[in-house]
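Trainee: Here's a structure for you.
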Amino acid sequence: MKKAFLLTALLLMVTAAQSQRIHAYVAAGATVSQVEGDELKGFKKWGGTAGVGAMVRLTENGKWKMSVEADFAQRGFRNNTRNPYDINLTLNYIDIPITFHFHDNKGGLEVGAGLLYGRLVRQPHGELDHPSTFIPDSTDMSFLKNDFAALLDLRFTVWRGLQLNLRFQYSIIPIKKDWKFSEYENESQIQNDNPNVWYNNCRNISISARLIYEFGTGDDNGIVGKRSKKRR
């Protein structure tokens, strides 16, 4: 998988270098995430993200664009209280997002939406501890290796090729199916060993904040300027 990631990154950069319509960029930042279905609430799991991408101008004026990326991203679980249980697990992914963008040439704001394929490169590592009355099944903590997600993307130009990026993504399909939970609500259930039992499907939800530097954007401005002079 590491070889596939490096190959994808290399192809993106080479392709971008061969066309004025395509610009390569690098991105790095932080993620905050939670897992829907873990019986916990709140974005408490922090991680890092970094990668490379290529931005393709679909129209001559640059209002409509498409981007493809190869990213490393961390998602997972975190809760540091025993209500209902303690957990701190990290999921490491290689993500390939494809996003369509609308760029406001006057304000520098860029809004996008797309789909993401994530490949789990390491099963969760960390800690899980629970009280005797609330029991998440930890006998099999393996997760599905494929994560398909929908994403929303917002970018704002800070200076020339430097952009601030916010991204929200939500898994379309479960990353873990039928995770078993048990809970003893009263003394009678404990004595009779008859807890409430239910099963959840789990999905990733994450928000990332990144800085993006897009190469060659200054050259585009020069091209536009030259064309406008010729028309005059």
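Trainee: Just checking, which of K145, K176, K106 is at negative phi and without any contact (Cβ under 8 Å) to a residue 24 or more places away in the chain?
Mentor: K106
Trainee: Just to verify a result, which residue in segment 73-118, among those that are part of a strand (DSSP E or B) and small (G, A, S), is surrounded by the fewest Cβ atoms within 10 Å (Cβ to Cβ)?
Mentor: Looking at the filtered set, the residue picked out is A113.
Trainee: If you don't mind, another one. Among the residues of segment 138-147, which ones are surrounded by 15 or more Cβ atoms within 10 Å (Cβ to Cβ) and either part of a strand (DSSP E or B) or at pLDDT 95 or above (or both)?
Mentor: Within segment 138-147, F143, D147 meet the criteria.
Trainee: Quick one: is P195 surrounded by fewer than 14 Cβ atoms within 10 Å (Cβ to Cβ) and over 24 Å from I98 (Cα atoms)?
Mentor: It is false that P195 is surrounded by fewer than 14 Cβ atoms within 10 Å (Cβ to Cβ) and over 24 Å from I98 (Cα atoms).
Trainee: A further question follows. Counting only residues that are loosely packed, with under 14 Cβ neighbours inside 10 Å, modelled with pLDDT of 50 or more and not hydrophobic (A, V, I, L, M, F, W, C), how many does segment 201-230 have?
Mentor: 1
Trainee: Something else: Can you pull out the residues in segment 59-92 that are free of Cβ contacts under 8 Å to residues at least 24 places away in the same chain and more than 30 Å from N196 (Cβ to Cβ)?
Mentor: Within segment 59-92, T59, E60 meet the criteria.
Trainee: If you don't mind, there's one more thing I want to ask. For the condition within 30 Å of W198 (Cα to Cα) and either loosely packed, with under 14 Cβ neighbours inside 10 Å or over 20 Å from the mean Cα position of the chain (by Cα) (or both), what is the one hit in L128, L151?
Mentor: L128
Trainee: Right, something else. Tell me which residues, restricted to segment 23-53, are out of contact with any Asp or Glu (no Cβ under 8 Å at 6 or more places or on another chain), part of a strand (DSSP E or B), buried (at least 19 other Cβ atoms within 10 Å of the Cβ) and hydrophobic (A, V, I, L, M, F, W, C).
Mentor: If the condition is that a residue be out of contact with any Asp or Glu (no Cβ under 8 Å at 6 or more places or on another chain), part of a strand (DSSP E or B), buried (at least 19 other Cβ atoms within 10 Å of the Cβ) and hydrophobic (A, V, I, L, M, F, W, C), then V35 is the only one that fits.
Trainee: So, one more: Among the residues of segment 93-125, write down those that are under 24 Å from the mean Cα position of the chain (by Cα), basic (K, R) and modelled with pLDDT under 95.
Mentor: R122
The values are calculated or read from the model by the stated rules, or taken from the named source; none is laboratory data. Note that this is a predicted model, so its numbers are computed, not measured. Heads up, the Cβs are rebuilt from the backbone with ideal geometry, glycines too, and the neighbour counts pull from every protein chain shown.
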